[in-house]
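These notes are about the structure you will find just below.
The values are calculated or read from the model by the stated rules, or taken from the named source; none is laboratory data. Since the model is a prediction, treat every value here as computed from it, not as a measurement. Virtual Cβ from ideal backbone geometry, glycine too; neighbours counted across all protein chains shown. Please note that ligands, DNA and RNA were not included when accessible areas were found on the heavy atoms of the full protein model with its side chains. Shrake-Rupley method; radii C 1.70, N 1.55, O 1.52, S 1.80 Å.
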Amino acid sequence: MSSVEPFVFAGLRARVIFGHGTISQTAAEIEKLGRKRALVLCTPNQAKAGERLAAELGALSAGVFAEAAMHTPVEVTERALRVFEASGADCVVSRGGGSTIGLGKAIATRTGADQVAIPTTYAGSEMTDVLGETFGGEKTTRRDASILPETVIYDVDLTRRLPVALTVASGLNAMAHAAEALYARDRNPVISLLASEALRALCEALPALVSNPDDREARAAALYGAWLCGASLGGASMALHHKLCHTLGGSFGTPHAHTHAILLPHTIGFNAAAVPELLAPVSRVLNGAPGGALFDFASSLGAPTRLKELDLSEADLDRAAGIAVTKPYWNPRPFDRDAIRALLQDAWEGRRPQQ
Ligand code: NAD
């Protein structure tokens, strides 16, 4: 009999609507929250979709702020706050990927506004009470109940045109949440179940989407997996993998999903040496040692495999290793600066991990 260790499970708190065409329920969800005026948030290249949504909301719309940017720069949040206040909004609707949802969180935690999140990538931010913000070239992360969106509308149809390269990178980004939740210091059996199911769903869906990006069933499976990955991230603490991604994204401006995709086999391979039993769900779905199998899986999907491809130099790796060991996150395998520098070198060159 396997032993059950003591744990704390805080529950899943957001209201989740999942399906095809569910964006049409946005107005009803705003009203259900008792709110009257929503500022629609999006990135510049999703501005038209943001305008369309605002038009559909009619009197419930307080306008559109279309300047969401990756890694939630505080200067963008400050501009958005001025628009939020001037528009008389009492809630936000964040329609987009993690960048847009991050902006919604940044507004909500400063104003008390409710959030309706409508994710269009697999980043998973919508299910977490985590906000990463960038200021002065450094990304800091915090957790707080005021950050978690109240309502999440998953509309599979919005993901059907997500470009294949972003589909793959974002899917691997999601899988990173599930993989790290498996060995989190505060892991619990419910989150581990969600994480295992999430990995299964994405391991099936991503190859199907590479073959046919408009595969309706595979899009639904990928978004379902992404939801569970987000819930895993929201229900457990992050470790070395997320710390390294935050370091590279926050201090070197590397694209979020691609950074996750490249580092994942290396960080998981590094930790597999310490906790192979906790990473068994990864081995099971990918049929191999966690790091090596993740590397093969990512390669088979055509994902980027070398940090070199993100315009990082070896001097950047020296600096990144230094930043990553300052205020480190808890990790199941202890590490020092040399170990991280070696891991980054392997990821820079795209060497296949053994573990
Ligand atoms: P993103 O939101 O920046 O989106 C990437 C690009 O893809 C953008 O230009 C966007 O407009 C476009 N895009 C989004 N959905 C699309 C679609 N369906 N079709 C076509 N184009 C689309 O990228 P991301 O990877 O989703 O999010 C990254 C950000 O999210 C980072 O800032 C990261 O820190 C944050 N994040 C936070 C958490 C958390 O829990 N706090 C979790 C995951 C990610």
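Among the residues of the range 63-113, those identified as basic (Lys, Arg) and in contact with a helix residue (DSSP H, G or I) (Cβ under 9 Å, 6 or more places away or on another chain) are 95, 105, 110.
Name every residue in the range 36-45 that is within 23 Å of the chain's Cα centre (by Cα) and surrounded by fewer than 20 Cβ atoms within 10 Å (Cβ to Cβ), in order of residue number.
Answer for the range 36-45, where residues must be within 23 Å of the chain's Cα centre (by Cα) and surrounded by fewer than 20 Cβ atoms within 10 Å (Cβ to Cβ): 44, 45.
Going through (1) touching a strand residue (DSSP E or B) at 6+ places or on another chain (Cβ under 8 Å); (2) within 16 Å of the ligand (Cβ to nearest atom); (3) open to solvent by 70 Å² or more (accessible area, probe 1.4 Å) one by one, residue 22 falls short only on (3). Mind checking which pairs have a first residue in the range 166-187 that is more than 10 Å from residue 261 (Cβ to Cβ) and within 11 Å of the ligand (Cβ to nearest atom) and a second that is open to solvent by 10 Å² or more (accessible area, probe 1.4 Å) and not charged (D, E, K, R), Cβ under 6 Å, 6 or more apart or different chains? So the pair list comes out as 177/233. Residues that are within 21 Å of residue 142 (Cα to Cα), in the same structural domain as residue 151 (by TED's automatic domain parsing) and in contact (Cβ under 8 Å) with a residue 40 or more places away in the chain do not occur anywhere in the range 52-64.
Specify the residue that is least open to solvent (accessible area, probe 1.4 Å); the eligible residues are those in the range 1-19 that are part of a loop (DSSP other than H, G, I, E, B) and closer than 18 Å to residue 223 by Cα.
Looking at residues that are part of a loop (DSSP other than H, G, I, E, B) and closer than 18 Å to residue 223 by Cα, I get 14.
The residues listed here are 319, 333, 352; of these, the one that is surrounded by fewer than 20 Cβ atoms within 10 Å (Cβ to Cβ) and more than 30 Å from residue 143 (Cα to Cα) is 352. Only one of the listed residues (131, 158, 172, 81) is in contact with a Phe, Trp or Tyr (Cβ under 9 Å, 6 or more places away or on another chain) and of a type outside the set (S, T, N, Q). That residue is 172.
When residues in the range 121-144 are screened for being open to solvent by 10 Å² or more (accessible area, probe 1.4 Å) and within 10 Å of the ligand (Cβ to nearest atom), 13 of them pass.
Summed over the range 72-81, the residues that are of a type outside the set (A, V, I, L, M, F, W, C) and either in contact with a Cys (Cβ under 8 Å, 6 or more places away or on another chain) or surrounded by fewer than 19 Cβ atoms within 10 Å (Cβ to Cβ) (or both) give a count of 3. Among the residues of the range 268-285, those that are of a type in the set (A, V, I, L, M, F, W, C) and open to solvent by less than 30 Å² (accessible area, probe 1.4 Å) comprise 268, 270, 272, 275, 279, 282. When residue 94 is tested against (1) polar (S, T, N, Q); (2) closer than 23 Å to residue 234 by Cβ; (3) assigned to a helix (DSSP H, G or I), just one condition goes unmet, and that condition is (3).
Which residue, of 69, 55, is open to solvent by 10 Å² or more (accessible area, probe 1.4 Å) and assigned to a loop (DSSP other than H, G, I, E, B)?
Answer to the selection: 69.
Among the candidates 161, 200, the residue that is assigned to a helix (DSSP H, G or I) and open to solvent by 10 Å² or more (accessible area, probe 1.4 Å) is uniquely 200. Please pick out the residue among 330, 348 that is at pLDDT 95 or above, closer than 18 Å to residue 246 by Cβ and part of a loop (DSSP other than H, G, I, E, B). Going through 330, 348 in turn, the sole match is 330.
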